[in-house]
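Engineer: Can you keep this structure in mind? I'll have questions shortly.
The values are calculated or read from the model by the stated rules, or taken from the named source; none is laboratory data. On a predicted model such as this, the values are computed, not experimentally measured, just so you know. Neighbour counts are summed over all protein chains in view; Cβ atoms, including those assigned to glycine, are modelled from backbone coordinates with ideal geometry. Keep in mind that these areas ignore ligands, DNA and RNA; they rest on the heavy atoms of the full protein, side chains included. Shrake-Rupley method; radii C 1.70, N 1.55, O 1.52, S 1.80 Å.
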Amino acid sequence: MLQNPSQRAVGFMLSSTLSLSITGVLTKFLANDIAAGNLTILRFLLPATVLMLFLLVTSFRVPPKDMRKILVFRAFSIGACQLCFIYALGKLSLVESVVLFGTGPLFITLFERVIFRIKLSYVTVCSLLLTSIGVVLLAGDISGFSAKPEVFIGLLSGVFNAGSQLSLHKASKGSMSGIENNAWTFLLAGIVMLPIVMVTLPSGSYEAWRLNTLSWGTAINWQIVMMLVMLTATVINTQTCRYKAYQLAPTNSQIAPLIYTNLVFTAVWQFSLFDVVFTHNQVIGLLLIICANVICTLFTQFNFDRKLRNTNHKPPLSSN
């Protein structure tokens, strides 16, 4: 049994990324039968229902006032993140979508610098540049880059993922449990996404969206139902384990590199379940994005460890 809080945080984070990779596979399959907007809403409301029922049986309470702004911000971030991610999954391969989603830690570093008005390091600037080049290569070529808005939307999932992770880390230090936090977050995200999905529908597609929803609801496909049940379980496990990992870790940067184990798990599913062949430029683009984000995250961790060592070895003040 893992006793060290850091080791336990690693265990929870690995469980979270494994569940996240399975969630990506299930979402990829479901995106072929369910519209992106419908799937985004289901992805939140189904886990919210399960967690709310659990809270009603155990200890239900309204979120404290000091947590409400954090919950609303996280709900919007995670909702927008999943909407962009699901859209990208329908247009790109599983690995491409997950890599773009995985740029979140790089944007976390960028947002932390902007929020606290700290000058960006050369490593962060280089990481941003490498990520940009990687995204261009991932699109196929420069001439086709403008014709693939799904790459930009996939990158936006990384931006909103950063906002979600920052708010999750802050929420994990609050007075709410992981189940409470995720139950209210999922519920709010589903509610927030509903009008956004309706507003962003193309002109004249409302009737098609309504018929698609009604037909899916009347003609039960048990294979889809089972995948939705599994999706609900993996989403809950992903977020509750990540919440616990952040709760045990002193800083976000200490466990952020483990987010990229999701790419390892996803690569296994990609080559096992999907027949996708990447060009040399796309492989280079994927590697650039992964390396840029890992280097940036490890650099942040190195700086944190150095400052911690300097603080612990700071000589005592002279009594004279």
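Engineer: Per the Kirkwood formula on distinct C-alpha pairs, the Rh of region 1-97 is how many angstrom? Could you put the intermediate results ahead of the total?
Structural biologist: Numbers: mean 1/r = 0.0632 Å⁻¹.
Computed over Cα pairs of region 1-97, the Kirkwood hydrodynamic radius comes out at 15.8 Å.
Engineer: Once the piece of chain linking Ser272 and Leu287 is laid out straight, how much longer is it, given 0.36 nm per residue of separation minus the C-alpha distance between them? Don't jump to the answer; show the numbers that get you there.
Structural biologist: Numbers: separation 15, 0.36 × 15 = 5.40 nm, distance 1.99 nm.
Full extension from Ser272 to Leu287 adds 3.4 nm.
Engineer: Next up: Given the pairs Lys28/Lys244; Lys65/Lys173; Lys28/Lys148; Lys65/Lys244; Lys91/Lys244, which are separated by over 25 angstrom at their Cα positions?
Structural biologist: Lys28/Lys244; Lys91/Lys244
Engineer: Once you put a point 7 Å from the Cα of Cys126 and another 7 Å from the Cα of His280, both along the Cβ direction, what distance in nm separates them?
Structural biologist: 2.5 nm
Engineer: Another question about this same structure. Considering only the other residues whose Cβ falls under 14 Å of the Cβ of Gly11, what net charge follows from Lys and Arg at +1 and Asp and Glu at -1? Please report the intermediate quantities before stating the final value.
Structural biologist: Values: positive: Arg8, Arg242, Lys244; negative: none.
That works out to +3.
Engineer: A further question follows. So, by mean Cβ neighbours within 10 angstrom, what's the order for 56-66, 182-192 with the highest one leading?
Structural biologist: Order by mean packing, descending: 182-192, 56-66.
Engineer: Shifting gears a bit: How much of Lys170 can a 1.4 Å solvent probe reach, expressed as accessible area in Å² and rounded to 10?
Structural biologist: 130 Å²
Engineer: Residues with beta-carbon under 14 Å from that of Glu96, excluding Glu96: net charge, scoring Lys, Arg +1 and Asp, Glu -1?
Structural biologist: Net charge around Glu96: +2.
Engineer: Additional query: Taking the full set of protein chains and a 1.4 angstrom probe, give the accessible area of Phe107 in square angstrom, rounded to the nearest 10.
Structural biologist: Surface accessible to solvent at Phe107 totals approximately 30 Å².
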